[in-house]
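Student: A single structure is presented below for examination.
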Amino acid sequence: MINPVQFYTREPAPMGVADFGITGQGPGAAAYEYSSPIFQGQAVVRSMSVTISGTTSKVTAFELNAVLYLQRNGSNYTYWIQNGIHLDASSHEFTIGGAYVWNFSSPSAKLSSGEVVGAAGSILSGDTYYFMPGCGPTFPGQCSTLGLPTTLLGRILSATSSGTPYVDYQYNLGSGWVTYDNVSFAHMAGANDSGFRVDGFVPTPISAGLYYDTEWDWVGAGGGSGAVDQGSDIDLSLELWNGHNYQAVPTAWNFGSNTGETSSNVSDLLANASTVEPAADLASGPGSLGVLYNRSSVGFLNLTVPTTLPATVLVDGVPVSFHGGWANVTLDAGSHALYLQNFTNASDSFEVGAGATTFVNLTGAGRIAFTESGLPVGTAWGVSVNGTPLSSARSSVVANLPNGTYPILYTAVPGFYRTGSDPATLTLPGTSSIAIEFAPFTYGVTVSESGLPASSPWWVNASGTLVQSSGTTLQVFAPNGSTPFEAGAAYEFLGTPDQGTIRVTSGIATPVQIDFAYRPTFIVGTVVPADALVSIGGNVLTLSGGAFNDSVIPGTYAMNASASGYGLVSMSVIATPGNVTWENITLSANHTAPVNPPTVQSSGGGIPLETAVAIIVGVAIVGVAAVYLLVRRRGVG
């Protein structure tokens, strides 16, 4: 690990804020490394009074120093970058201190002619590139007098253009960022630009005493100048770009090391919450070099929000701008509160522990749900809110929107229309849900019946919609496709078919025919004697062993049963729809007394008839017996 106090151990030193990539001094210290494409420093100057040894000048410099790390063909190239912003402690005149580049790639590294290309008028002197613009209107605020208190910002930005790395040098006096130099590394075309490197594990290649650090120093202006604070009040903060927002460096020391300019009689301590993130407060008085803050006193907030667009969160009332759906913020350990600006349901209170990360999820902020009903499951539908399309095959889609009024458009769904629950605009704060009701376009389908008595009521139920009629036709409505139906009439009638499917194709419906018939009704039973004559409603029935089974129309029928020698049975039988009526009939025999015929005497003196009959029967019996015996004998032989 490096030793930040190897070169500077006490004032005079480059007092300010620096990140060396190491958490402190002593056995518990730990090194870390990271890279960022942008670093920026902020100076809030409430008052300033200095003397500079060896000169009457009162010009001080805010120096933003960092180390650019490039890689090409397996080799590392390191350049020290300095962005200087000057403020005269007496006149409060602002001037651009200059853009500087040094080659730190090896102990013998130098800048060669054409190695870096910057603004017109820039100079390469020895191993130093620099550009110091003069007064004039080219750069806003240059050589202007500032009123105190004032806020100065400096920034360095690393990127590539057509594969060539470059660094922008910028300042901001409150009216926006101004780029006053763009330095490209023409000989490094195709190199991998890692950005500005902070590394507490190793020093830069040029020297063991020059580090991969980032510094925002307040010093005397001019090569090797030393300012002595006579009564100043300045807050300094140093931030990196994490891809979503500017964030205070994770560990800060109260001095830098890679520059020869210094300041002294500076008390450089942690500021009292003048900003949401930790900062240094510089005031006149004796000071010592050391850690301004580290993970023993600060923690981190990781905030997730529902929008990837640029947004602002107020943390303890201080705005933090970010984009991309989340932000990381370095905070003093303790209690904090936040509010996602311009969103509803977007505030929270939270605790940050020293060295820990607190996660706050506000993805439900500004939530508005669109919920549909009436569409078949799996049907795609959608809306467009302020030009942003939202679609789904489920019952709802959700958007998260900042407060405001937005136009709404609705995606057409083939075969369906909205029933009027479709507002044209949405206002937030306001409702959190919008219900959209759909109904299918339907087409008339003619259903005809036959078989019913005139004026008989009948009905058709098409997918839950019941239509009734007493005529021979009715009309139901169905959408394109297949719609199930049921049909019926009074219980005594059955329809064929009594259920089925209505089919509509491209708005053209196929008519449906229902044929009604009486519901099967039966009169069944038996009659004794089995050869009796049975009629129902005048129709003689065919019997089978004395049983009968007659299919009839529901109603009341006259039923008769008769047989020779038996008395007539007549009755009224009621046949109800769909039922079997049983009738079991037993006829009664007639009881007329028998007539004895007179005795007739034979006229020839013959035997009486009774006697003749008896004789004949006797002879027959004897003959049968003789035949029987004869057959037995033959069978035995």
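Student: Can you tell me which residue is farthest from Thr431 (Cα to Cα) among those in the range 318-338 that are over 21 Å from the mean Cα position of the chain (by Cα) and open to solvent by 60 Å² or more (accessible area, probe 1.4 Å)? Working first, answer last.
Tutor: First pass over the range 318-338, keeping only residues over 21 Å from the mean Cα position of the chain (by Cα): 318-322, 328-338.
Remaining after also requiring open to solvent by 60 Å² or more (accessible area, probe 1.4 Å): 319, 321, 335.
Values: Pro319: 27, Ser321: 27, Ser335: 32 Å.
Among those that are over 21 Å from the mean Cα position of the chain (by Cα) and open to solvent by 60 Å² or more (accessible area, probe 1.4 Å), it is Ser335.
Student: Return the residues of the range 423-433 that are surrounded by 17 or more Cβ atoms within 10 Å (Cβ to Cβ) and closer than 17 Å to Ser396 by Cα; say none if nothing qualifies.
Tutor: Of the range 423-433, the ones surrounded by 17 or more Cβ atoms within 10 Å (Cβ to Cβ) are 426, 428.
Result: Leu426, single match.
Student: Taking Ser36 and the conditions (1) open to solvent by 50 Å² or more (accessible area, probe 1.4 Å); (2) farther than 30 Å from Ser91 by Cα, which numbered condition does it fall short on, given that it satisfies the others?
Tutor: So the condition that Ser36 fails would be (1).
Student: Would you please name the residue that is farthest from Gly243 (Cα to Cα), looking only at residues in the range 303-316 that are open to solvent by 30 Å² or more (accessible area, probe 1.4 Å) and in contact (Cβ under 8 Å) with a residue 40 or more places away in the chain?
Tutor: Result: Asp316.
Student: How many residues are outside any strand (DSSP E or B) and of a type in the set (Asp, Glu) when one looks only at the range 356-387? Lay out the reasoning, then the answer.
Tutor: Taking the range 356-387 first, the residues outside any strand (DSSP E or B) are 356, 362-366, 374-380, 386-387.
Adding the requirement that they be of a type in the set (Asp, Glu) leaves none.
Counting residues in the range 356-387 that are outside any strand (DSSP E or B) and of a type in the set (Asp, Glu) gives 0.
Residues checked against (1) touching a Pro at 6+ places or on another chain (Cβ under 7 Å); (2) more than 19 Å from Ala280 (Cβ to Cβ):
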{"residue": "Ala13", "(1), (2)": "no, no"}
{"residue": "Phe20", "(1), (2)": "yes, no"}
{"residue": "Pro27", "(1), (2)": "no, yes"}
{"residue": "Ala31", "(1), (2)": "no, yes"}
{"residue": "Ser36", "(1), (2)": "no, yes"}
{"residue": "Arg46", "(1), (2)": "yes, no"}
{"residue": "Ala61", "(1), (2)": "no, no"}
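Student: Here is a further query. With respect to Asn83, determine if the residue is crowded, with 22+ Cβ neighbours inside 10 Å, of a type outside the set (A, V, I, L, M, F, W, C) and in a strand (DSSP E or B).
Tutor: So Asn83 fits the description; yes.
Student: Only residues that are more than 25 Å from Thr505 (Cβ to Cβ) and assigned to a strand (DSSP E or B): list them for the range 439-458, please. Working first, answer last.
Tutor: Our first condition is that a residue be more than 25 Å from Thr505 (Cβ to Cβ); within the range 439-458, this holds for 450-458.
Scanning the range 439-458 gives Ser450, Trp458.
Student: Please go through the range 339-355 and pick out each residue that is part of a loop (DSSP other than H, G, I, E, B) and open to solvent by 40 Å² or more (accessible area, probe 1.4 Å). Reasoning before the result, please.
Tutor: Going residue by residue through the range 339-355, those that are part of a loop (DSSP other than H, G, I, E, B) are 341-346, 353-355.
Residues satisfying the conditions are Gln341, Asn342, Asn345, Ala354.
To keep it simple, each residue is scored yes or no on (1) open to solvent by less than 20 Å² (accessible area, probe 1.4 Å); (2) without any contact (Cβ under 8 Å) to a residue 60 or more places away in the chain; (3) not in a strand (DSSP E or B).
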{"position": "Glu437", "(1), (2), (3)": "no, no, no"}
{"position": "Thr483", "(1), (2), (3)": "yes, yes, no"}
{"position": "Thr501", "(1), (2), (3)": "no, yes, no"}
{"position": "Val524", "(1), (2), (3)": "yes, yes, no"}
{"position": "Asp531", "(1), (2), (3)": "no, yes, yes"}
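Student: With Ala89, Ala99, Ala109 as the choices, which residue is open to solvent by less than 30 Å² (accessible area, probe 1.4 Å) and farther than 27 Å from Trp177 by Cβ? Step through it out loud before you land on a result.
Tutor: Values: Ala89 fails: farther than 27 Å from Trp177 by Cβ; Ala99 fails: farther than 27 Å from Trp177 by Cβ.
Every option except Ala109 fails the conditions.
Student: Identify the residue in the range 524-571 that is touching a strand residue (DSSP E or B) at 6+ places or on another chain (Cβ under 6 Å) and among the polar types (S, T, N, Q) and, among all such residues, is farthest from Leu452 (Cα to Cα).
Tutor: Among residues in the range 524-571 that are touching a strand residue (DSSP E or B) at 6+ places or on another chain (Cβ under 6 Å) and among the polar types (S, T, N, Q), the one farthest from Leu452 (Cα to Cα) is Ser562.
Student: Go through (1) free of Cβ contacts under 8 Å to residues at least 60 places away in the same chain; (2) open to solvent by 30 Å² or more (accessible area, probe 1.4 Å); (3) not in a loop (DSSP other than H, G, I, E, B) and name the single condition Gln513 misses.
Tutor: Only one criterion in (1) free of Cβ contacts under 8 Å to residues at least 60 places away in the same chain; (2) open to solvent by 30 Å² or more (accessible area, probe 1.4 Å); (3) not in a loop (DSSP other than H, G, I, E, B) is unmet by Gln513, namely (1).
Student: If I ask for residues that are open to solvent by 50 Å² or more (accessible area, probe 1.4 Å) and either modelled with pLDDT of 95 or more or over 22 Å from the mean Cα position of the chain (by Cα) (or both), which ones from the range 356-372 would you list?
Tutor: Within the range 356-372, the first condition is being open to solvent by 50 Å² or more (accessible area, probe 1.4 Å), and the residues that meet it are 357, 359, 361, 363, 367, 371.
Scanning the range 356-372 gives Thr357, Phe359, Asn361, Thr371.
Student: Identify, please: which residue in the range 176-196 is over 40 Å from the mean Cα position of the chain (by Cα) and under 30 Å from Val44 (Cα atoms) and is, among those, surrounded by the fewest Cβ atoms within 10 Å (Cβ to Cβ)?
Tutor: Thr179
Student: Can you tell which of Ser122, Ser108 is more than 48 Å from the chain's Cα centre (by Cα) and within 17 Å of Ile81 (Cβ to Cβ)? Write out each step before concluding.
Tutor: Working: Ser108 fails: within 17 Å of Ile81 (Cβ to Cβ).
After applying the criteria, what remains is Ser122.
The values are calculated or read from the model by the stated rules, or taken from the named source; none is laboratory data. Here the structure is a predicted model, which is why all the values come from computation and not from measurement. Positions of Cβ are backbone-derived with ideal geometry, glycine not excepted, and every protein chain shown enters the neighbour counts. What goes into the accessible areas is simple: the full protein's heavy atoms, side chains included, and nothing from ligands, DNA or RNA. Shrake-Rupley method; radii C 1.70, N 1.55, O 1.52, S 1.80 Å.
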